[in-house]
Amino acid sequence: RRFCQKVQDSGFQLQASLNQLVDLSRIEAGETEVFLQEFSLRETLRESCAAVTRMARKQQVHVEYEVAPEITTIVSDEGKLRQVLFNFISWAVSRSPSGEEVKIGVTLLEPNVLSVKVSDTGPHISDPAQVFDPEDKPNAREPNINELGIIIGRKLVELMEGSVTLQNRDTVGLEAEIRLQARPLKG
C-alpha cells in the first residue's frame, strides 16, 4: 500500500509539474484571458487552503487564514485567483519547518484593491526578488515545482492587473503580498 501511495504521489507531482509548464507557456504566448465574475473570496480562500491540507499535514504545518469582515464577494477571475492562492500557499507550506504555521490575511487597501499576505516561517532569502527571475542568477539551479508555481502565480496576478512583492519578515520567514484590483462588493 505504501508503494502504491508513493507511485500515486509521484504521478500527481509529475502531472502538477506538466500543468505548471503548460500554464507558463500559455501565459508567455499571450493565450490566457481574464474572465470576470462575482464570487465569494472567503469560500475561494477556504477551498485553496483545503487543497493544500494533505501536504500541510504531511509536513506538520498548520495553515490559518483570515479575511477582513467587510470583504464578502468580489469581482475578479475566480479560477486564476484560486490557482494563485494555491501556488503561494503551497510554496509557503513547503518552506515552513515542521510544527510551524502559514498565515494568510486578506484586507481591503482601497475601494478596489485587495491585499492578500501569505506568511511562512522558512529561512530568509538573500534577494527575495530573484525568486521570480531565476534565469537572471548566474549558476542558478532549476526552480522546484513550488517555485515554478509562484512564478506562474505572479504572472497570473500581473495578467489580472495586480502585483506581487516578496520580502523577508523581521524575525524568520517570508511574506508574499498580492495586491489585486478586485472590485470588492459590500455585503
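Every number here is computed from the coordinates shown, using simple stated rules; none is lab data. On a predicted model such as this, the values are computed, not experimentally measured, just so you know. Note that each Cβ is placed from the backbone with ideal geometry, even for glycine, and that neighbours are counted across all protein chains shown.
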In nm, the gap between the two label points placed 7 Å beyond Cα toward Cβ at HIS124 and VAL7 is 4.7 nm
For the pair ARG169 and ALA68, how long in nm is the line joining their label points, each one 7 Å along Cα→Cβ?
2.0 nm
Measuring from label point to label point, each 7 Å out along Cα→Cβ, what is the ARG46 to ASP133 span in nm?
4.0 nm
With DSSP loop assignment and no more than 11 other C-beta atoms within 10 Å, the trypsin sites (Lys or Arg not before Pro) in the stretch 47-137 are none
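Pulled fully out, how much extra length does the chain show between ARG57 and LEU21, if you take 0.36 nm times their separation in residues and subtract their Cα-Cα distance?
10.3 nm
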Sort the stretch 148-187 into rounded, prolate or oblate with this rule: let a ≥ b ≥ c be the square roots of the eigenvalues of the Cα gyration tensor; rounded if a/c is under 1.5, and if a/c is not under 1.5, prolate when a/b is larger than b/c, oblate otherwise.
oblate
